[in-house]
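J.: One structure coming up, written as structure tokens, with questions to follow.
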Amino acid sequence: MSATLAADSIPGGARNEKIAGQLSRGRSRTNIVVKALCILATIVGLTFLVAILGTLLWLGFGGLHLSVFTTVTRPPGSGGGLLNAIVGSLIQTVVGTVIGTPIGLLVGTYLAEYGRGTVLGNAVRFVSDVLLSAPSILIGLFIYQIFVEPFGGFSGIAGCIALAVIVIPIVVRTTEDMLQLIPTALREAAVALGAPRWKSIVFICYRAALNGIATGVLLAIARVAGETAPLLFTSLGNSSWSIDMTQPMSSLPVTIYQFAGSPFEDWVQLGWVGALLITFGVLTLNIIARVVLRKRA
Amino acid sequence: MSQTASATPAHRATTSTGDAIFAAAAKGCGILVLVILSAIIVSLFIGGLPAFRAFGFNFLVNPDWDPVRQIFGAEVPIYGTLVTAVLGIAIAVPLAFGIAFYLTELAPEWFRRPVGTAVELLAAVPSIIYGMWGFFVVVPIMGDYVQPFMIDLFDGVPVLGTLFAGPAFGTGILTSALILAIMILPFIAATMRDVFLTVPAVFKESAYGVGCTTWEVMRSIVLPYTRASVVGGIMLGLGRALGETMAVTFVIGNTNRISTSLFGPGNTIASIVALEFPESPTGSLKLSSLLALGFLLFVISFIVLAISRLLLRTKVKS
């Protein structure tokens, strides 16, 4: 108390206090402004999501008829649906995931169980992480170079391989992360029972990490289901019905690309329907993946 | 007991065989990943070799793309790739920082998960959808309102007047950068949020204890502590923006010309490859030039992504 009184009696002290008051007000003002800007940034970010989903519903929902699922793509002005594109996308996504998942699973296992701290392990982890974010168009060009050109042209299977290359690093990342969370005690218990290492990994660790690994696979499916660029160079697209893996195969994203860029109103409309289907499919998979992962925690 | 003993040697044999097979399979798949990456580099380089041979170093600085005269240069696509990606980063980083700051320090606890999930879902939307949405929704808005407004606003102002000059097509470099910014926003925001959460609570509490405001804690404690990882997250976004294909192809205008105006059309490596590929017959110099462009894109994004990984790794270690 006396200190305050003493400070008050000295003119310099009073001035200091006044300055301190201004400073404090300035600081809290800055704080409020930054907070407001951050809230604004978040609102802007969410607005983008709402705007995209809103546009898709607004423009796509009107064109959503049963015929979209029962008829194949036709020339502009003659109706038609997206049956071949939907089936082609399903086939390529499923086969791509089926090829890529076991490889990714084994790589993740190698990184978490065998390759920890080794030079090879670190190199594989690094390269896999780079592949995870590498431009997907280059993976398409790569498969075109090594598979499409030497083996007689565009085919559904080439598309599947391109998608598998994209699946691998996604599954690697989640598998490694999830296996590292498994307590050592579980492995030790398996070893104490006389189980060989591979059995302890497959029957103990995989089972314990199942939710996490499933999440990775779901995210991978969601990612490749919407991939367009790699398919332009591999499965190319096909305007008629074809489930022959050695022939060019249609897919939703490539069909959307073709239809959305066309000057025909009915094609653009079908493009919006396709966009609606694929976006909500992908987002649903993402949400399911999150729910699966949360169950574990 | 005796049964077990007699079974042991055989059992051990199958055990070690099983282990050996499993370990070899795991290691083999690990090596396969390395092989895939090397094969991508080598196949793109070999594919691009005829173009590199034909044009030499000139390929990098030649602004022509002329299928009639068979002259191909990479200057315009490289320029477009770098400018759109960097502009995209410039737009996305402040927004991403704001979102990450909000999600880690400001938002009420129950609100963080839904907002975080929503932002992450933005990353899950396929790029073709961004392209279509950009083309049918953003381009008209840019062309009708934003670009004419900015052209009028900066008319006569040096530098800015040139950067924001007409005509207002709606498409172009700036629109592409904007779409890219929206696409990479969730990646940067999620990385920033995750690294902000690694700051030990006691550091922040000490700063609050001496009277810091939330913003001062962010600026003086959280940001310096996470600087390397934040830059790593930004580089990750940059790596994504460089190779983005479908969204950019829809909105950039696809013209092989360097425009002084940000509203001018252009192209990027990815967009020219996607567009010109269908008209490039096997074995042609044009296809080789496209593969050479792919090789360049790979080199650029590999460097950026490698730096990003290294910066993000250091944080994990410390």
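J.: By how many degrees, 0 to 90 and rounded to 10, does the Cα axis of helix A:83-109 deviate from the longest principal axis of chain A?
T.: Here the helix axis deviates by roughly 60 degrees.
J.: Calculate, for A:T184 and B:Y208, the FRET efficiency according to 1/(1 + (r/R0)^6) with r their C-beta to C-beta distance and R0 51 Å; round to the nearest 0.05. Provide the component values of the computation, followed by the final result.
T.: Numbers: r = 37 Å, r/R0 = 0.73.
Computed FRET efficiency for A:T184 and B:Y208 comes out at 0.85.
J.: Right, something else. Using the alpha-carbon centroid of each, what span in Å lies between the stretch A:50-87 and the stretch A:138-190?
T.: 31
J.: Mean projection of the alpha-carbon convex hull of chain B over all orientations, in nm²? Mind showing how you got there, number by number?
T.: Details: hull surface 107.3 nm².
Mean projected area of the Cα convex hull: 26.8 nm².
J.: If you don't mind, another one. Compute the accessible area per residue over the stretch A:67-296, keeping the other protein chains in place, probe 1.4 Å, unit Å². Provide the component values of the computation, followed by the final result.
T.: On the way: 8560 Å² over 230 residues.
Heavy-atom accessible area per residue stands at 37 Å².
J.: Sticking with this one: Quick check on chain A: what are the equivalent-ellipsoid semi-axes from the Cα gyration tensor, as sqrt(5λ), descending, whole Å? Show your work: numbers first, answer last.
T.: Working: eigenvalues 474, 238, 61 Å².
Gyration-tensor ellipsoid for chain A: 49, 34, 17 Å.
J.: Also, I was wondering about something else. Would you kindly state how much longer the chain becomes between B:T17 and B:T117 on full extension, computed as 0.36 nm times their sequence separation minus their alpha carbon distance, in nm to one decimal?
T.: Numbers: separation 100, 0.36 × 100 = 36.00 nm, distance 4.52 nm.
Length difference between fully extended and current span is 31.5 nm.
J.: Over chain B, give the accessible area per residue in Å² for a 1.4 Å probe, as an integer.
T.: On the way: 13500 Å² over 318 residues.
Accessible surface, normalised per residue, equals 42 Å².
J.: Determine the residues within the stretch A:232-277 where the difference in accessible area between the chain on its own and the full set of protein chains amounts to at least 40 Å²; count protein heavy atoms only and use a 1.4 Å probe.
T.: Hits at the 40 Å² cut-off: A:F233, A:Y257, A:A260, A:W272.
J.: 5 Å is the cut-off here: which amide hydrogens, built 1.01 Å from N in the peptide plane, fall below it relative to B:I71, excluding neighbours closer than 5 in sequence?
T.: The list, which skips near neighbours in sequence, is B:D66.
J.: In addition: Using a Förster distance of 35 Å, how high is the FRET efficiency between B:R53 and B:V86, based on the Cβ-Cβ distance and rounded to 0.05?
T.: Values: r = 31 Å, r/R0 = 0.89.
Efficiency computed from Cβ-Cβ geometry: 0.65.
J.: Exactly which trypsin sites (Lys or Arg not before Pro) in the stretch B:26-74 are in a DSSP loop and have at most 14 other Cβ atoms within 10 Å? Please report the intermediate quantities before stating the final value.
T.: Values: sites: B:K27, B:R53, B:R69; in loops: B:R69.
When the trypsin sites (Lys or Arg not before Pro) of the stretch B:26-74 are filtered for loop state and at most 14 Cβ neighbours within 10 Å, B:R69 remain.
J.: Can you list the residues in the stretch B:235-266 whose accessible area drops by at least 40 Å² when all protein chains are present, compared with the chain alone? Use a 1.4 Å probe, heavy atoms only.
T.: So the qualifying set is B:R240, B:M246, B:F250.
J.: Suppose we keep just the alpha-carbon trace of the stretch A:173-297; what are its Rg and Dmax in angstrom?
T.: 20.9, 69
J.: Mind checking the mean number of beta-carbon atoms from other chains within 10 Å of the Cβ atoms in A:174-186?
T.: On the way: counts 0, 0, 0, 0, 0, 0, 0, 0, 0, 0, 0, 0, 0.
Mean partner shielding for this stretch: 0.
J.: Roughly how many debye, to the nearest 20, is the charge dipole of chain B about its Cα centre, given +1 on each Lys and Arg Cβ, -1 on each Asp and Glu Cβ, and no other charges? Please report the intermediate quantities before stating the final value.
T.: Numbers: 17 positive and 16 negative charges, 217 e Å.
Value, rounded to 20: 1040 debye.
J.: I'd like to compare A:97-107, A:277-287: which one has the highest average count of other Cβ atoms within 10 Å, and what's the full order after that?
T.: Numbers: A:97-107: 21.8, A:277-287: 19.4.
Highest mean packing first, the order is A:97-107, A:277-287.
J.: Normalised by the residues of chain A, what does the relative contact order come to in percent, with Cα pairs under 8 Å and at least six apart?
T.: Relative contact order comes out at 24 percent.
J.: How charged is the neighbourhood of B:V115? Take every other residue with its Cβ under 12 Å from the Cβ of B:V115, and add Lys/Arg as +1 and Asp/Glu as -1. Don't skip to the end; give the middle numbers.
T.: Values: positive: B:R112, B:R113, B:R193; negative: B:E109, B:E120.
Charge balance near B:V115 sits at +1.
J.: What net charge is computed for the residues neighbouring A:S155, neighbours being all others with C-beta under 13 Å from the C-beta of A:S155, Lys and Arg scored +1, Asp and Glu -1? Can you show the working numbers first?
T.: Values: positive: none; negative: A:E149, A:D244.
Its environment carries a net charge of -2.
J.: Shifting gears a bit: Just the accessible area for A:F151, please: 1.4 Å probe, Å², rounded to the nearest 10?
T.: For A:F151, the solvent-accessible surface is approximately 140 Å².
J.: Rounded to the nearest 100 Å², what is the buried accessible area between B and A, both sides summed, probe 1.4 Å? If you can, show how the numbers build up before the last one.
T.: Values: alone 17020 and 16790 Å², together 26770 Å².
For chain B against chain A, roughly 7000 Å² becomes buried.
J.: Shape verdict for the protein assembly as shown, please, from the Cα gyration tensor: rounded (a/c under 1.5), prolate (a/b greater than b/c) or oblate. Don't jump to the answer; show the numbers that get you there.
T.: Numbers: a/c = 1.74, a/b = 1.08, b/c = 1.61.
Oblate is the answer for the protein assembly as shown, as a/c is 1.5 or above yet b/c matches or exceeds a/b.
J.: Could you calculate the contour length gain from B:V35 to B:V231, that is, 0.36 nm times the residue separation minus the distance between their Cα atoms, to one decimal place in nm?
T.: Details: separation 196, 0.36 × 196 = 70.56 nm, distance 2.91 nm.
Result: 67.6 nm gained on full extension.
J.: Which whole-number percent is the relative contact order of the stretch B:75-317 (Cα, under 8 Å, 6+ apart)? Write out the running numbers ahead of the final one.
T.: On the way: 351 pairs, mean separation 73.8, N = 243.
That works out to 30 percent.
J.: On a 0 to 90° scale, report how tilted helix A:11-60 is relative to the longest principal axis of chain A, with both axes built from alpha carbons and the result rounded to the nearest 10.
T.: Rounded to the nearest ten degrees, it is 20.
J.: Which order do A:Y114, B:Y130, B:Y208 take by accessible area at a 1.4 Å probe, largest first?
T.: B:Y208, A:Y114, B:Y130
J.: To continue, here is another question. Tell me what chain A gives for mean residue ellipticity at 222 nm when only DSSP H runs of n ≥ 4 count, each as -39,500 (n - 2.57), the sum divided by the residue total, rounded to 500 deg cm²/dmol. It would help to have the intermediate numbers written out before the result.
T.: Values: 12 runs with 207 residues, N = 297.
-23500 deg cm²/dmol, from helical runs alone.
J.: In the stretch B:174-250, what percent of the accessible surface is made up of carbon and sulfur (1.4 Å probe, ligands and nucleic acids excluded)?
T.: Details: 1650 of 2510 Å².
Exposed carbon and sulfur together represent 66 percent of the surface.
J.: For the stretch A:72-117, take N as its residue count and report Rg(C-alpha) divided by 2.2 N^0.38 Å. Write down the numbers at each step before the final one.
T.: On the way: Rg = 19.3 Å, N = 46, 2.2 N^0.38 = 9.4 Å.
Normalised Rg, Cα atoms only: 2.05.
J.: Can you list the residues of the stretch B:66-95 whose accessible area drops by at least 50 Å² going from the chain on its own to the full set of protein chains, with a 1.4 Å probe?
T.: B:L95
J.: Using only the Cα atoms of the stretch A:15-63, each taken as one equal point scatterer with no solvent, compute I(q) by the Debye sum, divide by I(0), and report log10 of the ratio at q = 0.17 Å⁻¹.
T.: Each listed q maps to, in turn, -0.65.
J.: Under a straight-distance cross-link criterion of Cα-Cα below 17 Å, which aspartates and glutamates are reachable from A:K295, leaving out those fewer than 8 residues away in the same chain?
T.: The reachable aspartates and glutamates, counting only those whose Cα sits under 17 Å from A:K295, are A:D177.
J.: Keeping the other protein chains in place, figure out the carbon and sulfur percent of the accessible area of chain A, with a 1.4 Å probe.
T.: Values: 9270 of 13260 Å².
Within chain A, the accessible surface is 70 percent carbon and sulfur.
J.: Oh, and also: Over the stretch B:29-170, what percent of the accessible surface lies on carbon and sulfur atoms, probe 1.4 Å? Display every interim value, and only then the final one.
T.: Working: 4600 of 6380 Å².
Answer for the stretch B:29-170 is 72 percent, counting heavy atoms of protein chains only.
J.: Please give the FRET efficiency for A:L66 paired with A:T118, using the beta carbon to beta carbon distance and R0 = 56 Å, rounded to the nearest 0.05. It would help to have the intermediate numbers written out before the result.
T.: Details: r = 56 Å, r/R0 = 1.00.
It comes to 0.50.
The values are calculated or read from the model by the stated rules, or taken from the named source; none is laboratory data. Only a predicted model underlies this, so the values are computations on that prediction, with no experimental measurement involved. We place every Cβ from the backbone using ideal geometry, glycine too, and count neighbours over all the protein chains shown. In case anyone asks, the SASA skips ligands and DNA or RNA and just uses the protein heavy atoms, side chains included. Shrake-Rupley method; radii C 1.70, N 1.55, O 1.52, S 1.80 Å.
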